[in-house]
Amino acid sequence: MSDQHYWESKARIYDRITAPLARPMKSAAILAADAVRGENRVLEVAAGTGLFTTAIAGAAREVVATDYATAMVAILAKRVQEAGFQNVRCEQADIKALHFDRASFDCVVAANVLHLMPDLAATLAALRRVLRPDGKLVVPTFCHDETRLAAVLSRLLSLTGFPIKHRFSTRSLCNALEAAGVRVTRFKTLPGLIPVGYVEGVFD
């Protein structure tokens, strides 16, 4: 099963199957909303069903929310519409080949996705291209190597076909970002069954 087919097939049940792991991501969404507050134009990649979208939409002037899977985008668009947000546009887009103009966003939010990217450096380069100079990068990421319990759960998830590519701790996530040219400006570990490393930064 390809990664895209995996996410297309999981869209309708995504919220239900991720509910046990959602607590730290809800905390991360609040932090992300604070990070984008007052920004004019925000790109969200891997928006999924909209947990972060609905949090950041109330803080930024405009949000372009994207996902790789068209089934996710359909659920995302419905969620945004039901929440009454008029400043959000929902689109299908591949994080590795974004079709937006260079330096066209003030902030990029990439939540719960970097651990799924085979080529982390290429993914970050794609995000850098669409981000204005000194624009903010917000990358809350599940850290499957943060605790022993998280490591065990991560390996069990892999047995179900979950397409994980990296098992980060918050520290190794920060190190990987810095190696790719990101200056980390804030980081925090949010506890959960699989903790989330909440990281903000700017490209050097």
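The values are calculated or read from the model by the stated rules, or taken from the named source; none is laboratory data. Just so you know, these numbers come straight off a predicted model, no measurement behind them. All Cβ positions, glycine included, derive from the backbone under ideal geometry; neighbour counts span all protein chains shown. SASA here: full protein model, heavy atoms, side chains in, ligands and nucleic acids out. Shrake-Rupley method; radii C 1.70, N 1.55, O 1.52, S 1.80 Å.
So the values come out like this:
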quantity	calculated
Rough spin-label spacing in nm, given labels placed 7 Å along Cα→Cβ, for Gln86 and Asp3	3.8 nm
Net charge over other residues, Cβ less than 10 angstrom from the Cβ of Phe187 (K, R count +1; D, E count -1)	+2
Within the accessible area of the chain (1.4 Å probe), percent carbon and sulfur	53 percent
Residues of the range 1-146: accessible area per residue with a 1.4 Å probe, Å²	45 Å²
Point-to-point label distance, Asp94-Leu193, nm (Cα→Cβ direction, 7 Å offset)	3.3 nm
Binned Cα-Cα distance frequencies in the range 3-69 - 10 Å width, integer %	21, 47, 28, 4
Proximal charge balance of Ala29 [Cβ under 14 Å; K/R count +1, D/E count -1]	+1
Residue-by-residue Karplus 3J(HN,Hα) for the range 181-192, coefficients 6.51, -1.76, 1.60, Hz, glycine and proline x	x, 9, 8, 6, 9, 7, 8, 7, 8, 9, x, x
Förster radius 30 Å - calculated FRET efficiency between Leu156 and Arg129, Cβ distance, rounded to 0.05	0.25
Neighbourhood net charge (13 Å Cβ-Cβ; Lys/Arg +1, Asp/Glu -1) for Val152	+1
Positive-end residue of Pro24, Cys90, Leu51, charge dipole of the chain with Cβ unit charges	Pro24
Listed candidates [x] -0.54, -0.89; [y] -0.76, -1.13; [z] -0.62, -1.00 - label of the one calculated as log10 I(q)/I(0) by the Debye sum over Cα atoms at q = 0.12, 0.15 Å⁻¹	[x]
Per-residue [θ]222 nm for the chain (sum of -39500 (n - 2.57) over DSSP H runs n ≥ 4, rounded to 500)	-11500 deg cm²/dmol
Mean Cβ neighbour count within 10 Å, used as a protection proxy, ranking 171-180, 189-198, 137-146 highest first	137-146, 189-198, 171-180
Given charges at beta-carbon only (K, R positive; D, E negative), |dipole| of the range 30-92 in Debye	100 debye
Computed lengthening from Val202 to Arg186, 0.36 nm per intervening residue step minus Cα-Cα distance	4.7 nm
Percent antiparallel among DSSP beta bridges (both partners in the range 69-203, rounded to 5)	75 percent
Chain lengthening between Arg171 and Ile30 when straightened (0.36 nm per residue, less Cα-Cα)	48.6 nm
Magnitude of the charge dipole, the chain, Cβ model with Lys/Arg +1 and Asp/Glu -1, debye to 20	360 debye
